[in-house]
Amino acid sequence: MDVQHVEPLFETSVAFEPLGFAMTEEEYDAKQEEIARLAAEAKVKEEEEAAALEEEEREARLKAEYEAAMPEEVTTKVAEVLAASMAQMKEELEAKFAEQEQTLLAKIAALEAK
């Protein structure tokens, strides 16, 4: 006796949402519009981020080209002048602070003498 598998005579359907939970056409359209709006916003944000990244890369490339084009002697000369200027400024500030310290110490001594 040969037994064969027999397909069912009827098909079962997928489970549908009860009508009480179903959306109206207006709600469905509003939801679809919201989904489309969010997708458009995400696309605009992604394009803005890509443009910002591209701009950063362009600025970095321009800065590197500018620094590469500048002669080494200019860079060293600027560094030397800056170092000399900073040393002079340090001496001036130290002298000014020492003067202020002496003035304050004199005021303190005068107050303690009273």
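The values are calculated or read from the model by the stated rules, or taken from the named source; none is laboratory data. Just so it is clear, the structure is predicted and the values come from calculations on it, not from any experiment. FYI the Cβ positions are ideal-geometry reconstructions off the backbone, even for glycines, and counts take in every protein chain you see. Side chains included, ligands, DNA and RNA excluded: accessible areas come from the protein's heavy atoms. Shrake-Rupley method; radii C 1.70, N 1.55, O 1.52, S 1.80 Å.
The distance separating the Cα centre of segment 18-71 from that of segment 85-114 comes to 59 Å. Positive-end ranking of 23, 83, 52 along the dipole of the chain, with charges on Cβ about the Cα centre, is headed by 83. Each of [x] 1.17; [y] 2.99; [z] 2.00 is a candidate for Cα Rg over 2.2 N^0.38 Å; the one calculated from this structure is [y].
Computed from Cα atoms, the angle from the helix 25-69 axis to the main principal axis of the chain rounds to 40 degrees. Only Lys, Arg, Asp and Glu carry charge here, each on its Cβ (+1 for the first two, -1 for the last two); on that basis the chain has a dipole of about 1200 debye about its Cα centre.
Which FRET efficiency value, to the nearest 0.05, is calculated for residue 7 and residue 55 with the Förster distance at 41 angstrom and r the Cβ-Cβ distance? Before the final figure, lay out the partial values.
Values: r = 63 Å, r/R0 = 1.54.
FRET efficiency, residue 7 to residue 55: 0.05.
Can you give the local net charge around residue 101? Use residues other than it whose beta-carbon is closer than 13 angstrom to its beta-carbon, Lys and Arg +1, Asp and Glu -1.
Working: positive: 96, 107; negative: 94, 99.
Neighbourhood net charge equals 0.
Ordering 62, 14, 111 by Cα displacement along the dipole of the chain toward the positive end leaves 111 in first place; charges were set at the Cβ atoms of Lys, Arg (+1) and Asp, Glu (-1).
Averaged per residue, the chain has 100 square angstrom of accessible surface, using a 1.4 angstrom probe with ligands and nucleic acids left out. Ignoring the sites themselves, the chain has its longest run without chymotrypsin sites (Phe, Trp or Tyr not before Pro) in a DSSP loop having at most 14 other Cβ atoms within 10 Å at 22-114.
For the chain, which whole percent of the accessible surface, found with a 1.4 angstrom probe, sits on carbon and sulfur atoms?
Values: 6810 of 11360 Å².
Carbon and sulfur atoms account for 60 percent of the accessible area of the chain.
The alpha-carbon of residue 63 sits under 21 angstrom from the alpha-carbons of these lysines, leaving out residues fewer than 8 places away in its chain: 77.
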